[in-house]
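Data first, discussion second: the structure below is written as structure tokens.
The values are calculated or read from the model by the stated rules, or taken from the named source; none is laboratory data. This one's a predicted model, so the numbers in the text were calculated from it and none came from an experiment. Here the Cβ positions follow ideal geometry from the backbone for every residue, glycine too, while neighbour counts run over all protein chains shown. Note: areas computed on protein heavy atoms with side chains; ligands, DNA, RNA excluded. Shrake-Rupley method; radii C 1.70, N 1.55, O 1.52, S 1.80 Å.
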Amino acid sequence: MQMPSLFRPKFEHLLFTGVILALSSLPSFANQCLTIQCDCAALTSAGDKLACEKQQLSLETDCKATGNLTGYCQIAGLNASPLPFSLYDLPPQFTTEDDVEKSLALLESMYWSAQEDLKSADNYQNKSAYGNSLTVYKNLSATLDRAYGISRQAYDGWRALDEKGEADDVAEAGYEKLQEWGELLYITARGLWADRAETDPKLQKKRLVLAMNVLRYAGNAFQQAAELASLTKDYPEAARAWESAAETSVVMISWREQTRSKAQYINYYRQQGVASWYRAALYWDKDEEPEPATEARLQAERLQQTAVVSAQ
């Protein structure tokens, strides 16, 4: 299922537009509130299903009161909408074997380009040219997004051509690459944040902005890796990738709080983290692993509770 991208980064690269503003930027529907569908019926846990239904009712009520979507499905089935992820802006499916093979031939050069961007960004960082480094990282992330899109296109193309083995190979290779990139970007972001403070406060602020953006790109890569792993029914890897995505959201909340970001931005990452933990739980359920599924749900509940504490 495709859905529109919910967020557009602002010029200063620090903040997403707020949850309400971002959701308001969705294309006009005859009744936008009717697009809320948290896919609660697909959930197997009775507790999750009840919580999902209550959440959907709350989203619908708030939407009708304001005239706009005001939040996301967090406890939700896999086909829910809206979700706090950017995974569904995919190009059209390939229709011929030649199209699939030509697209896959581009992947190696894309990952090479990403590696070159990483070297360039590191050089800029060493010179404290954090604005230049951010520009390069944005290009790197866009390249990974395109690689994910090609992997999804190729997977769907092979499946349409009744080549399941080829499709699974594409998804598995894409998962491995994006998981590696997620881990690399996550470590890079943590290093940027923890490094010795710049003597110039303006440079220090720019470095923290860079760290938060790199962390965001890491979260995107983990989400994409999880989606590709799920296509091959490798549910443990999908669950672990969603847990990694959730952890990036938790770290981001801490960093946003430390930099006194607006509440709406912190709320967005909280919703993203909760949704990621529940997504992990769903895949642990599919793998019939009750203990990690329970732990993922507990993590989601703890993160939800921090919203209540913050509001008091």
Only one residue in Leu144, Leu59, Leu107 is farther than 25 Å from Ser276 by Cα and surrounded by 15 or more Cβ atoms within 10 Å (Cβ to Cβ), so which one is that? Leu107
Looking at this structure, is Leu282 assigned to a helix (DSSP H, G or I), open to solvent by 10 Å² or more (accessible area, probe 1.4 Å) and within 16 Å of Pro84 (Cβ to Cβ)? yes
How many residues are β-branched (Val, Ile, Thr) and open to solvent by 50 Å² or more (accessible area, probe 1.4 Å) when one looks only at segment 152-188? 1
Going by what's in this entry, would Thr70 be described as open to solvent by 30 Å² or more (accessible area, probe 1.4 Å), hydroxyl-bearing (Ser, Thr, Tyr), at pLDDT below 90 and closer than 23 Å to Gln264 by Cβ? yes
Might you check whether a residue that is hydrophobic (A, V, I, L, M, F, W, C) and open to solvent by less than 70 Å² (accessible area, probe 1.4 Å) occurs anywhere in segment 256-265? no
Is it the case that segment 29-40 has a residue that's at pLDDT below 95, open to solvent by less than 70 Å² (accessible area, probe 1.4 Å), in contact with a helix residue (DSSP H, G or I) (Cβ under 6 Å, 6 or more places away or on another chain) and within 29 Å of Lys286 (Cβ to Cβ)? yes
Within segment 110-141, count every residue that is among the hydroxyl-bearing types (Ser, Thr, Tyr), under 30 Å from Lys202 (Cα atoms) and open to solvent by 20 Å² or more (accessible area, probe 1.4 Å). 4
When the residues of segment 37-89 are narrowed to those that are small (Gly, Ala, Ser) and in a loop (DSSP other than H, G, I, E, B), which ends up farthest from the chain's Cα centre (by Cα)? Gly67
